[in-house]
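All remarks here apply to the structure that follows.
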Amino acid sequence: MDGQFRSWAEIDTGALCHNAGALAQASPPGVGLIAIVKAGAYGHGAGIVAPALAGRVAGYGVANLAEARELAALPHVGGVPILILSPVLPHERAGAVAGGFEVSVSTVAEAEAFAAAAAGGGRPARVHAVADTGMGRMGARPDEFAGLVGRIRDLARGGAIELAGVATHLPSADEEEAFTHRQIADFRDLVQALRLGPEVAVHLANSAGTLGYREEMDFVTHVRPGLALYGVSPLPAHRGALRPVLTWKTRLSLVRDLPTGATISYGRTRTLDRPSRVATLATGYADGFPRHLSGRGAEVLIGGSRCPVLGRVTMDQIVVDVTDVPGRPEAGEEAVLIGRQGGGTIAVDEMAEKAGTIVWEILTGIGPRVVRVAV
Ligand SMILES: *Cc1c(COP(=O)(O)O)cnc(C)c1O
């Protein structure tokens, strides 16, 4: 691979499988893992991640029909249920049913539309009834949830729909413990009142729910972690159990010596206060390196040393200070934007914090120009 790419992400499939194992260990025995691989497996590349997890997962979760179709076409993925997490658009319903994908429904009207979309097609719509227990994004309100499930059960007698699961989502499992305890208890009450058979999946836990609320998960059949699979824990206490999967690398495209007083990048926000050796790197905000990192103390690794980003991040390039790197870095050499190099580490958490955002946004923002490579 050396010499081939300008900007690339190395995906450590061994670390990915380790994390899947750690999440299985964190779950009650017998609980299945629905691997959340939406948004190109959180920027890691669904084409690498989903096949690498085959055999370890009971299902995959994606955001929409296009992602479900992309996943279903991958090797080794067939036969494992693919659940579409976001509401399916009206014009996508027939395709979702025909593709054999499982869908999330919030309303009786949606359930009826899915039954109608499946009628005569030879295969029932497999739906997960979602309860809104505090996320406010989708789902039936708690007082309407039993009615939604009841309507799905009625429609199921006609054979065009099946209740595949019941679910809710935790909005604050990494921020509000008391609320989350109460939310899990509320959902447990809702589920127990339904007297579900063993064929119906029950799930609510994202990464923070899976790692932090194990004792309360005795009534679930599945967990739905995303971020933790990729080796990043939303709960600091659990960081040690996980291994980061992604290393983002780029190359030095140019190394130059500039005098005191030279100005760097758009808006000339940075003036050198000493004679400096600067390197230009072949990654910019169009690749997903956040422009918000401009002037925020961001660093990259070159030769194992931390090198400050100078001035504003541009679309295709950034400029870094390599004056203090031992030896003379050369064009073509590797720089690490996220990950380890020599004794240095730049965690995605550090980048997110400096950019004023969350790790989910950094990872899913790594753009299509960045080549994903399995290692
Ligand atoms: C994205 C998503 C998850 C995974 O969340 P993480 O915090 O990344 O673990 C789980 N469930 C639903 C419904 C989601 O949309």
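Within the stretch 355-367, which residues are over 12 Å from Phe289 (Cα atoms) and touching a residue at least 40 places away in the same chain (Cβ under 8 Å)? Lay out the reasoning, then the answer.
If we filter the stretch 355-367 for residues that are over 12 Å from Phe289 (Cα atoms), which is where we start, we get 356-360.
Of everything in the stretch 355-367, those that are over 12 Å from Phe289 (Cα atoms) and touching a residue at least 40 places away in the same chain (Cβ under 8 Å) turn out to be Gly356, Thr357, Val359, Trp360.
Looking only at the stretch 326-345, which residues are surrounded by 14 or more Cβ atoms within 10 Å (Cβ to Cβ) and of a type outside the set (D, E, K, R)? Walk me through how you get there before you give the answer.
Pass one, the stretch 326-345, residues surrounded by 14 or more Cβ atoms within 10 Å (Cβ to Cβ): 329, 333-341, 344-345.
Scanning the stretch 326-345 gives Pro329, Ala335, Val336, Leu337, Ile338, Gly339, Gln341, Gly344, Thr345.
Condition first: within 28 Å of Val375 (Cβ to Cβ) and of a type in the set (Val, Ile, Thr). Can you find one or more residues in the stretch 22-31 that meet it?
Here is the first cut: in the stretch 22-31, the ones within 28 Å of Val375 (Cβ to Cβ) are 22-27.
Remaining after also requiring of a type in the set (Val, Ile, Thr): none.
No, the conditions are met nowhere in the stretch 22-31.
Just one of His76, His128 is at pLDDT below 95 and closer than 30 Å to Ala20 by Cβ; which is it? Step through it out loud before you land on a result.
Details: His128 fails: at pLDDT below 95.
Going through His76, His128 in turn, just one is at pLDDT below 95 and closer than 30 Å to Ala20 by Cβ: His76.
State all residues of the stretch 338-375 that are hydrophobic (A, V, I, L, M, F, W, C) and over 16 Å from Val245 (Cα atoms); if no residue qualifies, say none. Quick ask: steps written out before the conclusion?
Applying the first criterion (hydrophobic (A, V, I, L, M, F, W, C)) to the stretch 338-375 yields 338, 346-348, 351-352, 355, 358-360, 362-363, 366, 370-371, 373-375.
Across the stretch 338-375, the qualifying residues are Ala352, Ala355, Ile358.
Kindly evaluate Ser233 against the criterion of being out of contact with any Gly (no Cβ under 7 Å at 6 or more places or on another chain) and either part of a helix (DSSP H, G or I) or within 16 Å of the ligand (Cβ to nearest atom) (or both). Working first, answer last.
Values: out of contact with any Gly (no Cβ under 7 Å at 6 or more places or on another chain): yes; either part of a helix (DSSP H, G or I) or within 16 Å of the ligand (Cβ to nearest atom) (or both): yes.
The answer is yes for Ser233.
Among the residues of the stretch 181-205, write down those that are among the charged types (D, E, K, R) and either surrounded by 13 or more Cβ atoms within 10 Å (Cβ to Cβ) or within 16 Å of the ligand (Cβ to nearest atom) (or both).
First pass over the stretch 181-205, keeping only residues among the charged types (D, E, K, R): 182, 186, 188-189, 195, 199.
Passing the criteria: Arg182, Asp186, Arg188.
Residues Ala117, Ala94, Ala167, Ala185: which one is in contact (Cβ under 8 Å) with a residue 40 or more places away in the chain and aliphatic (A, V, I, L, M)? Reasoning before the result, please.
On the way: Ala117 fails: in contact (Cβ under 8 Å) with a residue 40 or more places away in the chain; Ala94 fails: in contact (Cβ under 8 Å) with a residue 40 or more places away in the chain; Ala185 fails: in contact (Cβ under 8 Å) with a residue 40 or more places away in the chain.
Sole residue among the options that is in contact (Cβ under 8 Å) with a residue 40 or more places away in the chain and aliphatic (A, V, I, L, M): Ala167.
Before we move on, is Ile48 touching a helix residue (DSSP H, G or I) at 6+ places or on another chain (Cβ under 6 Å) and of a type in the set (Val, Ile, Thr)?
Details: touching a helix residue (DSSP H, G or I) at 6+ places or on another chain (Cβ under 6 Å): no; of a type in the set (Val, Ile, Thr): yes.
Considered against the rule, which asks whether it is touching a helix residue (DSSP H, G or I) at 6+ places or on another chain (Cβ under 6 Å) and of a type in the set (Val, Ile, Thr), Ile48 comes out as no.
Restrict the check to the stretch 80-92 and report whether at least one residue is among the β-branched types (Val, Ile, Thr), more than 16 Å from the ligand (Cβ to nearest atom) and closer than 15 Å to Leu163 by Cα. Please lay out each step first, then the result.
Step one: list which residues in the stretch 80-92 are among the β-branched types (Val, Ile, Thr), which gives 80, 82, 84, 88.
Applying the additional criterion that residues be more than 16 Å from the ligand (Cβ to nearest atom) yields 80.
Restricting the remaining residues to those that are closer than 15 Å to Leu163 by Cα gives none.
No, the stretch 80-92 has no match at all.
Return the pair list, or none, for Cβ contacts closer than 9 Å from residues in the stretch 58-71 that are charged (D, E, K, R) to residues that are within 12 Å of the ligand (Cβ to nearest atom), at least 6 apart or on different chains.
As it stands, the answer is Glu67/Val37; Glu67/Lys38; Glu67/Ala39; Glu67/Ile84; Glu70/Val62, since those pairs meet every condition given.
Do you know which residues across the stretch 361-375 are in contact with a helix residue (DSSP H, G or I) (Cβ under 6 Å, 6 or more places away or on another chain) and within 15 Å of the ligand (Cβ to nearest atom)?
Ile362, Leu363, Thr364
Does the stretch 64-92 hold any residues that are assigned to a helix (DSSP H, G or I), under 22 Å from Ala116 (Cβ atoms) and among the small types (Gly, Ala, Ser), and which are they? Before you say what the answer is, go through the steps one by one.
Taking the stretch 64-92 as the starting set, the residues that turn out to be assigned to a helix (DSSP H, G or I) are 65-72, 90-92.
Still in the running and under 22 Å from Ala116 (Cβ atoms): 65, 68-69, 90-92.
Answer for the stretch 64-92, where residues must be assigned to a helix (DSSP H, G or I), under 22 Å from Ala116 (Cβ atoms) and among the small types (Gly, Ala, Ser): just Ala68.
Could you tell me whether Arg93 is touching a helix residue (DSSP H, G or I) at 6+ places or on another chain (Cβ under 7 Å), among the basic types (Lys, Arg) and more than 30 Å from Trp8 (Cα to Cα)? Let's see the steps before the verdict.
Values: touching a helix residue (DSSP H, G or I) at 6+ places or on another chain (Cβ under 7 Å): yes; among the basic types (Lys, Arg): yes; more than 30 Å from Trp8 (Cα to Cα): yes.
Taking the combined requirement at face value, the residue satisfies it.
Given the condition crowded, with 20+ Cβ neighbours inside 10 Å, at pLDDT 95 or above, part of a helix (DSSP H, G or I) and more than 15 Å from the ligand (Cβ to nearest atom), answer yes or no: does some residue in the stretch 31-44 qualify?
no
The rows are residues; the columns are (1) over 18 Å from the mean Cα position of the chain (by Cα); (2) part of a helix (DSSP H, G or I); (3) within 19 Å of Ala58 (Cα to Cα).
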position	(1), (2), (3)
Ser172	no, no, no
Ile184	yes, yes, no
Arg188	yes, yes, no
Ala193	yes, yes, no
Pro198	yes, no, yes
Val202	yes, no, yes
Leu211	no, yes, yes
Glu215	yes, yes, no
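Among the residues of the stretch 126-162, write down those that are farther than 26 Å from Asp189 by Cα and either under 31 Å from the mean Cα position of the chain (by Cα) or without any contact (Cβ under 8 Å) to a residue 24 or more places away in the chain (or both).
From the stretch 126-162, those farther than 26 Å from Asp189 by Cα are 158-160; that's our starting set.
Listed by number, the list is empty, since nothing qualifies.
If you check Ala115, Ala73, Ala140, Ala129, which single one turns out to be out of contact with any Pro (no Cβ under 7 Å at 6 or more places or on another chain) and either closer than 30 Å to Val370 by Cα or surrounded by fewer than 16 Cβ atoms within 10 Å (Cβ to Cβ) (or both)?
None of the others qualify; the one that does is Ala73.
The values are calculated or read from the model by the stated rules, or taken from the named source; none is laboratory data. The shown structure was predicted, so the numbers you read here are calculated from the model rather than taken from an experiment. Every residue, glycine as well, gets a Cβ built from its backbone with ideal geometry; the counts of neighbours run over all protein chains shown.
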